[in-house]
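Reviewing the structure listed below.
The values are calculated or read from the model by the stated rules, or taken from the named source; none is laboratory data. Bear in mind the structure is a predicted one, so any value in this text is a computation, not a measurement. Glycine gets a Cβ as well: all are built from the backbone with ideal geometry, and neighbour counts include every protein chain shown.
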Amino acid sequence: MDLQLAEKRVKELHKLLNQYNYEYHVLDQPSIPDSDYDRLLKQLLEIEEQFPELTTADSPTQRVGSEILDMFEKVQHQSQMLSLGNAFNEQDVLDFDRRVRQLAGENVSYVCELKIDGLAVSLRYENGLFNLGATRGDGTTGENITANLRTIRSIPIRLNREVSMEVRGEAFMPKRSFEALNLQKAEKGEEAFANPRNAAAGSLRQLDPRIAASRNLDVFLYSVADIGETGVASHSDALNLLDTLGFKTNKERKKCENIEEVLAYIQKWTEERPNLPYEIDGIVIKVDSLKQQQELGTTAKSPRWAIAYKFPAEEVVTTLTGIELSV
Ligand code: NAD
């Protein structure tokens, strides 16, 4: 591809990806499957790698999330809420491991977690009391959805200790709630939600908290913002700290001493995924040591110490409502 052709394709991809981002993040109504979106984004990344001069600050490869709706009060995050780089196959995971070891040394342990298909939320506690909950928004600024998050029973209103901290996690809609909701929608002749992720996002971005309360949402917490202040030395310890404080974390996580163990974990959950009561769209792999995480640092959009392995796209499935949806 020559520069002129690349420039033209970059423009097209910006336009398309911005439109899909808007539909997905603002309207909670995607018009294409995530795998198609990921493919287009990958194409843009590849062109930008080949022609770095075509990477602009407003490129979809440089941005986290999307616009923030005006109907919610804006919330400034204590530290940025980033996205994750993607791996689509074993080779991508091996390449990630190689990059990590090049920068952080040979002695690296990873923590593998299920990638819950929901939406990232940030919860702030003052002296042990939950007082602010927000969406990720554009990563720096989110939407204040405290009233809706308070309706999720697994979010503690009071912690076991009187600490002040901001924690991050994934709010999601369990499969059973999603099926029941779409059945209800079909009975009313309303449009079905494309997937549990969009249903969860749609439920939490409502002005009336009674709607969120009726949707049986749940949450798993997976990180602490400004973790340096907690005195823990690793991501596994941070997750254990969250448990101790009374948060709900996902118990399927596993510490892996090398990349072969990571690949085995991916294999296990690729097979066992249908048995889970909630949707996952991949596996998140994180360097365990916080010192090594700091050495690796972040890019504009995602940390270099973590990656999301994405499961291959599933075939078109028929939901309970009989509507064919591609997930
Ligand atoms: P991402 O989903 O690839 O990964 C980052 C997110 O993973 C985090 O923000 C967090 O919310 C989540 N996550 C779940 N479990 C986690 C864990 N254990 N630890 C850390 N994070 C965890 O990236 P993204 O920026 O959130 O969104 C991009 C996604 O949205 C892609 O899957 C893309 O396909 C989809 N998308 C689809 C369309 C469309 O039109 N279909 C448009 C835009 C985006």
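Remarks
- Flag for ASN198 being in contact (Cβ under 8 Å) with a residue 24 or more places away in the chain and assigned to a loop (DSSP other than H, G, I, E, B): no
- Selection count, the range 132-159, where residues are closer than 14 Å to GLN78 by Cα and of a type outside the set (A, V, I, L, M): 11
- Top-ranked residue of the range 117-152 - restricted to ones that are closer than 25 Å to TYR278 by Cα and free of Cβ contacts under 8 Å to residues at least 24 places away in the same chain, ranked as farthest from the chain's Cα centre (by Cα): THR146
Here's the yes/no breakdown for (1) assigned to a loop (DSSP other than H, G, I, E, B); (2) exposed (fewer than 14 other Cβ atoms within 10 Å of the Cβ); (3) away from the ligand (no atom under 15 Å from the Cβ):
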| site | (1), (2), (3) |
| --- | --- |
| VAL232 | yes, no, yes |
| ALA238 | no, no, no |
| LYS251 | yes, yes, no |
| GLU260 | no, yes, yes |
| TYR265 | no, no, no |
| GLU272 | no, yes, yes |
| ILE285 | no, no, no |
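- Matching residues in the range 26-44 - criterion: being within 13 Å of the ligand (Cβ to nearest atom) and either β-branched (Val, Ile, Thr) or closer than 17 Å to LYS8 by Cα (or both): VAL26, ILE32, LEU40, LEU41, LYS42, LEU44
- Condition check for SER66: surrounded by fewer than 17 Cβ atoms within 10 Å (Cβ to Cβ) and within 10 Å of the ligand (Cβ to nearest atom): no
- Condition check for VAL108: out of contact with any Asp or Glu (no Cβ under 7 Å at 6 or more places or on another chain) and more than 16 Å from the ligand (Cβ to nearest atom): yes
- Condition check for LEU242: in the same structural domain as ASP97 (by TED's automatic domain parsing), touching a Ser or Thr at 6+ places or on another chain (Cβ under 6 Å), assigned to a helix (DSSP H, G or I) and crowded, with 16+ Cβ neighbours inside 10 Å: yes
- Conditions (1) surrounded by 13 or more Cβ atoms within 10 Å (Cβ to Cβ); (2) more than 14 Å from the ligand (Cβ to nearest atom); (3) touching a residue at least 60 places away in the same chain (Cβ under 8 Å); (4) not charged (D, E, K, R); number of the one not met by SER83: (2)
- Filter result (farther than 17 Å from PHE172 by Cα and not aromatic (Phe, Trp, Tyr)) within the range 121-142: ARG124, GLU126, ASN127, GLY128, LEU129, ASN131, LEU132, ASP138, GLY139, THR140, THR141, GLY142
Per-residue answers, yes or no, for (1) touching a Pro at 6+ places or on another chain (Cβ under 8 Å); (2) surrounded by 18 or more Cβ atoms within 10 Å (Cβ to Cβ); (3) farther than 30 Å from LYS268 by Cα:
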residue: LEU94; (1), (2), (3): no, no, no
residue: ARG98; (1), (2), (3): no, no, no
residue: ILE116; (1), (2), (3): no, yes, no
residue: GLY137; (1), (2), (3): no, yes, yes
residue: LEU149; (1), (2), (3): no, yes, yes
residue: ILE155; (1), (2), (3): no, yes, no
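- Residues of the range 31-63 classified as farther than 22 Å from GLY282 by Cβ, loosely packed, with under 14 Cβ neighbours inside 10 Å and of a type in the set (Gly, Ala, Ser), total: 1
- Verdict on LYS42 being modelled with pLDDT under 95 and among the basic types (Lys, Arg): yes
- The lone criterion from (1) surrounded by 16 or more Cβ atoms within 10 Å (Cβ to Cβ); (2) at pLDDT 95 or above left unmet by ARG176 is number (1).
- Count - residues of the range 214-230 that are within 15 Å of GLN294 (Cβ to Cβ), within 14 Å of the ligand (Cβ to nearest atom) and either hydrophobic (A, V, I, L, M, F, W, C) or over 17 Å from the mean Cα position of the chain (by Cα) (or both): 3
- Scanning the range 53-89 for residues that are outside any loop (DSSP other than H, G, I, E, B) and aliphatic (A, V, I, L, M) yields a count of 3.
- For the range 86-103, filtered to residues that are in contact (Cβ under 8 Å) with a residue 24 or more places away in the chain and within 16 Å of the ligand (Cβ to nearest atom), the residue that is nearest to the chain's Cα centre (by Cα) is ASN86.
- Pair list, Cβ under 9 Å, 6 or more apart: the range 1-28 residue under 15 Å from GLN50 (Cα atoms), other residue at pLDDT below 90: ARG9/MET1
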